[in-house]
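Notes for the one structure printed next.
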Amino acid sequence: MTAKLTIVVVEEDRDRAIAIVDALKDSGDHDVFVIGTASGLARRIAAHAPDVVLIDIDNPTRDMLEELTLASGPLERPVAMFVSGAAGGLAQAAIEAGVSAYVVDGLTPERLRPVMDTAIARFRMVRQMRTELAETRRALEERKVIDRAKGLLMKAKRIDEDAAYALLRKTAMDQGRRVAEVAEALVTASGLLS
Amino acid sequence: MKTVTLPTGYMPLVDAAPLIIAQEMGFAEPEGLTLDLIAAPSWSSVRDMLAFGRVDAAHLLSPVPVAMAMGLGGVTTPLSAVSVLSVNGDMIGVGRALEERLRGIGYDFDFSDARRAAQALRRVAGGPLVFGVPFPFSMHVELLRYWFGATDLRDASIEIRTIPPPLMAGALADGDVDAFCVGEPWGSVAVDQGAGALLLPGSAIWAFAPEKVLAVRTDWAETEPHLLGRLMRAVWKAGRWLAQPESRTTAAEILSRPAYLGVSPELIDRALTGRFTISGRAEQREVQDFVCFHHGAATFPWRSQAKWIAHRLSLANGLSSADAQRVAGAVFRSDLYRRHMAGTDAELPGASEKLEGAIRHSLAVASQKGRLSLMRDAFFDGQFFDPDAQK
């Protein structure tokens, strides 16, 4: 049938890269390469002569790939960002999922679609996991600060844990701030006073 | 007051100030707007967020909407540059190796004479020179190409390579690039990290270069004229505030916040005051109008500025200059600027095109209020650009 597609994934995080590569390989018989570092990015991509280049939208090195869209770029075949081509319907979904794709001119939407569908699903999952991780981390940090603030109040005012938390919460509500912010302020202030 | 929230994209740079200040100093609110400022990790990302509707307005490199209208690059959604956010503000610098060689031939880093700088650079350039820039379509690239083309560097072997500005100091240290042209604070960051020295401000090449524009989707400009007008007025007032010397300290503090630029206010202050530390030896240089947000009708989107950009892009890409200028003229929306800024204190020039580069000294010209002073806009080689004459 048709020849294999060569796909380059630009991704620094090894685990994330593996997850994306595995998903792409499951979606069809493709050659998938991962490039991790920014140094000489355009040149290293060109060496693979890829049909599709996938990169996280939040990756600042993305601008280095813009050079590929110029005919005089390091790829001999001109590359377009797929979002403006015939497969334009995929654009919104891709951007929301956090992936941008650079596609060699002339690649038909029929061949591109399964790759993009897979990439979009996988990037969406990666993004979700990243957001969840960041939020979990933040929640943990906040809990630590709130615990310290509670401890300070318990000692200073000789009250129990529930009363200390109630006091924090009341103060937060009165001031229209979050409990974590009030706790943070208390911890900082007591650090200064001690 | 109830306001409409307007998602607005920007790159964390000193010249994003008019948008950040419009929100932070309360110029947006009286216009019934809240700017939801979304920092982007790359210029492609700003462009895509705007083109595909994630944001409704954006801080954008002035050549980007022009290049898009010419069909260059990957995305072709029609964008309108409704005003110029900032004039000038680019910084050209060299890595340590070139700095040492330049000092070796007695070059004094005068920070003003573009021709002398090119001569010196030509003398010390052993092999090919690699210049890092933030984006293929940028005033940085256009100023470099103009400078190379009109000096001893015209036959030097030079490559221009895209490097995200936060990575520029590292790229200099690794030898991936020999020199750079970036927006502040990134030139000063390279100096402070010991990666290189500053050679010239962009204004040493073109004294009045439209650097960033306020861009919107052209169809949005048509369907949301009232929102657009309110946005333009809020941003214009922010620019006027930024132009007052007494605003600088506050502006530097606000921009330095982690949510915006996340660098020290002192670094930002250098760009706002035009007083730079240009090397690891702590040499100081001062430049007038390093970045300009207001004076001399700085925010007016001259169609001739867009045509200059289009002309230069056409030369670099082997396209017809006449065709390029025709589409580009419609990208810089002096018509919308006139419509939405009428009735404000904004200066509205009598014409929408000028001979770019023809003003050697500040010049009084006709405006609707009859008292507009245009600033020097000369190119370093004394040439000027007549949009009608270039075919």
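Summary of computed values
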{"item": "Residue count for segment B:263-311, restricted to those that are open to solvent by 50 Å² or more (accessible area, probe 1.4 Å), in contact with a strand residue (DSSP E or B) (Cβ under 8 Å, 6 or more places away or on another chain) and at positive phi", "result": "1"}
{"item": "Total residues in segment A:1-50, condition among the charged types (D, E, K, R) and assigned to a loop (DSSP other than H, G, I, E, B)", "result": "5"}
{"item": "Matching option when the condition is open to solvent by less than 40 Å² (accessible area, probe 1.4 Å), farther than 21 Å from B:Ala195 by Cβ and of a type in the set (A, V, I, L, M), among B:Ala125, B:Ala118", "result": "B:Ala118"}
{"item": "Boolean, B:Gly89 is over 20 Å from B:Val182 (Cα atoms) and not aromatic (Phe, Trp, Tyr)", "result": "no"}
{"item": "Residue match in segment B:181-191 (condition: more than 14 Å from every other protein chain (Cβ to nearest Cβ), over 28 Å from B:Trp308 (Cα atoms), among the polar types (S, T, N, Q) and assigned to a helix (DSSP H, G or I))", "result": "yes"}
{"item": "Boolean, B:Pro165 is more than 18 Å from B:Glu100 (Cβ to Cβ), of a type outside the set (Ser, Thr, Tyr) and surrounded by 21 or more Cβ atoms within 10 Å (Cβ to Cβ)", "result": "yes"}
{"item": "Condition met for B:Ala195 (small (Gly, Ala, Ser) and modelled with pLDDT under 95)", "result": "yes"}
{"item": "Test: B:Thr5 is more than 14 Å from chain A (Cβ to nearest Cβ), in contact with an Asp or Glu (Cβ under 7 Å, 6 or more places away or on another chain) and open to solvent by 10 Å² or more (accessible area, probe 1.4 Å)", "result": "yes"}
{"item": "Filtered residues of segment B:9-29 (kept if within 11 Å of chain A (Cβ to nearest Cβ) and under 20 Å from B:Ser80 (Cα atoms))", "result": "B:Met11"}
{"item": "Top-ranked residue in segment B:129-162 [being without any contact (Cβ under 8 Å) to a residue 40 or more places away in the chain and within 14 Å of another protein chain (Cβ to nearest Cβ); ranked as least open to solvent (accessible area, probe 1.4 Å)]", "result": "B:Thr162"}
{"item": "Selection count, segment B:329-343, where residues are more than 17 Å from B:Glu356 (Cβ to Cβ) and either over 20 Å from the mean Cα position of the chain (by Cα) or not in a helix (DSSP H, G or I) (or both)", "result": "10"}
{"item": "Of all residues making up segment B:128-170, the number that are assigned to a loop (DSSP other than H, G, I, E, B), among the small types (Gly, Ala, Ser) and farther than 15 Å from B:Asp90 by Cβ", "result": "3"}
{"item": "Test: B:Pro12 is in a helix (DSSP H, G or I), touching a Leu at 6+ places or on another chain (Cβ under 6 Å) and not hydrophobic (A, V, I, L, M, F, W, C)", "result": "no"}
{"item": "Answer residue from segment B:223-245, given it is within 21 Å of B:Phe276 (Cβ to Cβ) and in a helix (DSSP H, G or I) and is most open to solvent (accessible area, probe 1.4 Å) among those", "result": "B:Pro245"}
{"item": "Any hit, segment B:21-32, residues being out of contact with any strand residue (DSSP E or B) (no Cβ under 8 Å at 6 or more places or on another chain) and either open to solvent by less than 10 Å² (accessible area, probe 1.4 Å) or not assigned by TED's automatic domain parsing to the domain that holds B:Glu224 (or both)", "result": "yes"}
{"item": "Single residue of B:Ser334, B:Ser362, B:Ser314 found to be open to solvent by less than 60 Å² (accessible area, probe 1.4 Å), more than 14 Å from chain A (Cβ to nearest Cβ) and of a type in the set (S, T, N, Q)", "result": "B:Ser334"}
{"item": "All positions within segment B:365-391 that are assigned to a loop (DSSP other than H, G, I, E, B), open to solvent by less than 30 Å² (accessible area, probe 1.4 Å) and either touching a helix residue (DSSP H, G or I) at 6+ places or on another chain (Cβ under 6 Å) or assigned by TED's automatic domain parsing to the domain that holds B:Arg240 (or both)", "result": "B:Pro387"}
{"item": "1 or more residues exposed (fewer than 12 other Cβ atoms within 10 Å of the Cβ): qualifying helices (runs of 4 or more DSSP H) within segment A:91-194", "result": "A:109-157, A:161-175, A:179-193"}
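One line per residue, one yes/no per condition, for (1) more than 19 Å from the chain's Cα centre (by Cα); (2) under 18 Å from A:Val99 (Cα atoms); (3) open to solvent by 70 Å² or more (accessible area, probe 1.4 Å):
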{"residue": "A:Lys4", "(1), (2), (3)": "yes, no, yes"}
{"residue": "A:Val8", "(1), (2), (3)": "no, yes, no"}
{"residue": "A:Glu11", "(1), (2), (3)": "no, yes, no"}
{"residue": "A:Ala19", "(1), (2), (3)": "no, yes, no"}
{"residue": "A:Gly28", "(1), (2), (3)": "yes, no, no"}
{"residue": "A:Ser39", "(1), (2), (3)": "yes, no, no"}
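The values are calculated or read from the model by the stated rules, or taken from the named source; none is laboratory data. Predicted model, so just to flag it, every value in this text is computed and none were measured. So basically every Cβ, Gly included, is an ideal-geometry build from the backbone, and we count neighbours across all protein chains shown. Just so you know, the surface numbers come from the protein's heavy atoms only, side chains and all, with ligands and any DNA or RNA stripped out. Shrake-Rupley method; radii C 1.70, N 1.55, O 1.52, S 1.80 Å.
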